[in-house]
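Report on the structure given below.
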Amino acid sequence: MDTTRLSVLRALGTLGNPTTRTDITDHAEISRQAVSNHLAVLRDRGFVRNHETEIKSTAGGLLLLDVIETCLKTIPLQELAFLTRSDHPISILQTLKDESYRLTDLNTAVGDPPSQPTIRRVLGDLLEYGWTEDHGGNHRITTAGREALNAYRELSLAVQQLIEKAPWLQRLPPEDATFPIHSLADAKLIVSNPANPGSVLSTVFNLYDRDTSRFRGLCSIYHPVLFSAYRTAYELLNFSIDSEIIFDWPTFVKIANTSKTHYILDSLDLSDYDIYTLDFAHTLGIGIYDDRRVAIGAYNEAGSGNHVAMIISSNNELVDWGIGLYDSYLEQSTHADKIDLSR
C-alpha cells in the first residue's frame, strides 16, 4: 500500500468531482510531480479520468477508496503497507492459519519459500503486530492475525474485481455504483472497441429469449437496428412479453421525430407495453429480464453510445441492484402519453 497514493485517493474523495491537480497537491501536501505520477498510475487502472485540466474519480476509484478505508479499520496503515510490500507475510500467515510451525519447518511448509533469514524477519514483524505468537519455538496465528488475513483477502479480491471491471466502472455514473463489489466476480464483461464496435449490441440481441416473460429497460442510445431487433423478437413471441422501457430525453425526442422509429410510440395502445421518458440526457443502459438476469451498459459520451462497456449477471445481489437502479429512474420519469414534445 503506497501511503502517498492513498493520500491522493483521499484528496480526490474529499475534494469531490471534478477537481484539479493543484487542489490535490495543496490538500494532500505532496509535490506536484508526485501527484502527477500517482494520478498516471490511477488513470491507467481506470480509477481516475482526466478531462483536460479537470480530474475526476471514476466509480471504480471511489469504490477503491471505500474498500481501502474499510480494510484500515482492521489493519492499520503501517501494517497494511508491510503486507503489500511482498507476498511473504501473507504466505506465512496463510500457512500458520491451520497449524503451528517451527521456524525450520516453515521453510518447507510455505509455498515458494523465501530464505530462512527472510522468514525470521517476517515472523518478527508478525509477532510485533500481534498477528502470531511464539510458544517455545512454535509459531501460530492469533485471532488478530486471522482478522488481518481475512481483511487483506477481502481487499485483494475487491481490488482484483475493480481492475478487471475497470472498463465498465470508469463509465458507470459514480452515484449509481451502490452494489457490493464481491458480486462482480461472476459478472460477464463485454466491451466494444474500434476492432469490434458491435460486440455489446450483438450480445444484447441474444439476451431477449423465449424464457423472458417481463422486460424492463432504460435506453440512452438512439439505435434503430437495436429497436428493430427488439420489435422483431416481440412480434415473434406473439406480444407475450410484458415490456416497460424508459428513454432518456434526447433519445425519446429523436424516436418521436423520426418516421422510421415512430412505430415505437405507435404501439402504446398495447396493454403490456409502456414507455416512459426522463427529462435529461443519460449515459446508461439497463436491461432486466424477469428477475433472473440483468445487463447494465455505460458509455462516456451522452447520446453517441461510443465505447460501450456492459456487464451481464444472474447474481442475486446484482440483479436486485439493477432492479433498484431501474426503479429509481422510473420514479423520475414521465409516461410517454403525458409528454409535450413542443417544449
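The values are calculated or read from the model by the stated rules, or taken from the named source; none is laboratory data. None of these values were measured; they are calculated from a predicted model. Cβ placement follows ideal geometry from the backbone for every residue including glycine, while neighbour counts extend to all protein chains displayed. Side chains included, ligands, DNA and RNA excluded: accessible areas come from the protein's heavy atoms. Shrake-Rupley method; radii C 1.70, N 1.55, O 1.52, S 1.80 Å.
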Revision key, fill the gap. One would report the antiparallel percent of DSSP beta bridges in the chain, rounded to the nearest 5, as 75
Exercise for review: Can you tell me how much longer the chain between T22 and H223 gets when fully stretched, taken as 0.36 nm per residue apart minus their C-alpha distance, in nm with one decimal?
Suggested key: 68.3 nm
Check your understanding: Separation between the N37 and I163 pseudo-spin-labels, each 7 Å from Cα along Cα→Cβ, expressed in nm?
Key -> 1.9
Check your understanding: Any idea what the relative contact order of the chain is, in percent, if you count C-alpha pairs under 8 Å spaced at least 6 apart?
Key -> 14
Point to revise | 29 Å Cα-Cα threshold exceeded, pairs from K188/K260; K56/K97; K56/K188; K260/K338 | key: K188/K260; K56/K97
Review point. With helices defined as uninterrupted DSSP H runs, which ones in the chain have an alpha carbon span along their own long axis of at least 15 Å and mean Kyte-Doolittle hydropathy of at least -1.0?
Key: 3-15, 32-44, 59-72, 116-128, 143-164, 224-236, 316-332
Review point. What accessible area per residue, rounded to a whole number of Å², is obtained for the chain using a probe radius of 1.4 Å?
Key: 49
Review point. How many percent of the accessible area of the chain is carbon or sulfur, using a 1.4 Å probe?
Key: 47
Check your understanding: What full-extension length gain, to one decimal in nm, is calculated for L77 and D186 as 0.36 nm per residue of separation minus the Cα-Cα distance?
Key -> 36.2 nm
Review point. Which of the following values of Cα extents along the principal axes in Å was calculated from the structure shown: [x] 82, 48, 37; [y] 58, 43, 41; [z] 66, 43, 40?
Key: [x]
